[in-house]
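Notes for the one structure printed next.
The values are calculated or read from the model by the stated rules, or taken from the named source; none is laboratory data. Given the structure is predicted, the values throughout are model-derived calculations rather than measurements. Note that each Cβ is placed from the backbone with ideal geometry, even for glycine, and that neighbours are counted across all protein chains shown. Ligands, DNA and RNA are excluded from the accessible area calculation, which covers all protein heavy atoms including side chains. Shrake-Rupley method; radii C 1.70, N 1.55, O 1.52, S 1.80 Å.
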Amino acid sequence: MNYITIFGGAFLFASCFINLVPHIFIGEDPYRFVTPNLHFKVAAAVMLGFLIQLMLEQLTKGVEHGHNHCPCCEDEIEHHHHQPHPGHCHHNSHIHPTAGLLIGLSLHAFLEGMPLVDLDGDIHQGLLYGIVLHNIPIALVLVGLFMSNKYSLLKSFGLLMIFAIMTPLGSLCNNYLLPQNEVLQNVIMAVVVGILLHVSVSILFDHDHNTFSWTKLCIILIAFIAAYFTPGCPEIYPIF
């Protein structure tokens, strides 16, 4: 689980700079002039995305990082058994908070999916693969919480499907409900870049950050290479 999470975080981090940011500034014309106004809008949107993710984590408890940061759950893992924790978020030893967590994750997934399809109908493959890699640990954590709450198979599947459809739903809403304006789409992409940077940096510094690991370094390097060779923004390749 940790290796998949680290690989996904590193892939997202690299994709932001290799595929997504160049696409914002280059677009369909690799030789276009980028105005200072666009620079300002993109910078502001990236910071906004960073802040949005910071607020969403108050609901999700850091599940985007591949594990639950709920203080009760961390204490339970440390002691290898479930016990009541007065003053924390659980009312008893078998109830884990899922409503706020699912809402936060759904909003996160919805925003991630908005810039998934370009104005010309092309899918940003770098963004797509990054979302898939980074959603695998999230889905596993959700399933684990549903099992801890003793949810039925049908209820667990239904809740997981809600999370699963949010990314394509975000893409559909962006393509059919919002104006297909290049500046607006660049701002949306920049907001998502801010969200992904927050998530990816949190992942990379959240796993064994106090100890050096050659395995972790190798996984990060492999993820960087994979992101570089992922065709996420084909129109920029002739420049290199």
Legend entry - Hey, L116 out of contact with any strand residue (DSSP E or B) (no Cβ under 7 Å at 6 or more places or on another chain), surrounded by 13 or more Cβ atoms within 10 Å (Cβ to Cβ) and at pLDDT 50 or above or not: no
Inset, instruction - Being open to solvent by less than 30 Å² (accessible area, probe 1.4 Å) and over 11 Å from the mean Cα position of the chain (by Cα) is the filter here, so list the residues in the stretch 119-135 that pass it. - result: H124, G126
Inset, instruction - For the stretch 61-68, indicate whether the set of residues that are within 22 Å of I188 (Cα to Cα), part of a loop (DSSP other than H, G, I, E, B), modelled with pLDDT under 80 and open to solvent by 10 Å² or more (accessible area, probe 1.4 Å) is non-empty. - result: no
Inset, instruction - Kindly establish whether G121 is within 30 Å of N181 (Cα to Cα), free of Cβ contacts under 8 Å to residues at least 12 places away in the same chain and among the small types (G, A, S). - result: yes
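Here is a yes/no grid of residues against (1) at pLDDT 90 or above; (2) surrounded by fewer than 17 Cβ atoms within 10 Å (Cβ to Cβ); (3) touching a Cys at 6+ places or on another chain (Cβ under 8 Å):
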{"site": "F7", "(1), (2), (3)": "yes, no, no"}
{"site": "L12", "(1), (2), (3)": "yes, no, no"}
{"site": "F17", "(1), (2), (3)": "yes, yes, no"}
{"site": "H23", "(1), (2), (3)": "no, no, yes"}
{"site": "D29", "(1), (2), (3)": "no, yes, no"}
{"site": "V34", "(1), (2), (3)": "no, yes, no"}
Inset, instruction - Kindly indicate whether any position in the stretch 136-149 is closer than 24 Å to N19 by Cβ and either among the acidic types (D, E) or surrounded by 21 or more Cβ atoms within 10 Å (Cβ to Cβ) (or both). - result: yes
Inset, instruction - Go through the stretch 185-224 and count every residue that is open to solvent by 60 Å² or more (accessible area, probe 1.4 Å), over 16 Å from Y3 (Cα atoms) and at pLDDT 90 or above. - result: 0
Inset, instruction - Could you please find all residues in the stretch 158-184 being in a helix (DSSP H, G or I) and either modelled with pLDDT under 90 or loosely packed, with under 13 Cβ neighbours inside 10 Å (or both)? - result: G158, M161, Y176, L177, E182, V183
